[in-house]
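Working notes, structure below.
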């Protein structure tokens, strides 16, 4: 092997070795190394380094990744579940905002303006995303329930204050 001066970037070589399936690693690594040497002779070490980095990233595809079944089955199932929950939160917010919109069509007692919808949408979105963050990051069920319960309690306090001004803050219009 040649001196370390004329070798490809070590970090990207290690990255390639990490993701490449062991059955293909030796052959592809040899080709990468040979291309790097030819490119270094032809265009210089700096351009050869960027060429090597580009080639490593172009090789990052499912057919070369080691143990692809374990990676795709486990991670895709988890991600689908998380994304479904996020879509459910967005759908629930939409449904909840439609309730006063429909009620305004049938009753004069419900009188929301555009700003009311924006504020309630932001409040619901913040609460939903906070609960989603807790569900993704907190591991124990007890802590999840406590933190989501606290988020819902704060949501209810803000909602009550905005609706009827129970605490008499300036947010309620008093």
Quiz item: Debye sum, Cα scatterers, segment 4-58, no solvent: what log₁₀ I/I(0) at q = 0.15, 0.30 1/Å?
Solution: -0.37, -1.29
Quiz prompt | Cβ-based exposure ranking for 140, 169, 127, in which fewest neighbours within 10 Å come first | solution = 140, 169, 127
Quiz item: If each of residue 117 and residue 98 carries a label point 7 Å out from its Cα toward its Cβ, how far apart are those two points in nm?
Solution: 1.3 nm
Quiz prompt | Ratio of Rg to Rh over segment 86-174 (Cα coordinates, Kirkwood Rh, two decimals) | solution = 1.04
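Values quoted throughout were computed directly from the atomic coordinates according to the rules given, and no laboratory measurement underlies them. Values in this document were obtained by computation on a predicted structure and should not be read as measured data. Using ideal geometry, Cβ is built from the backbone for each residue, glycine included, and neighbour counts are taken over all protein chains shown.
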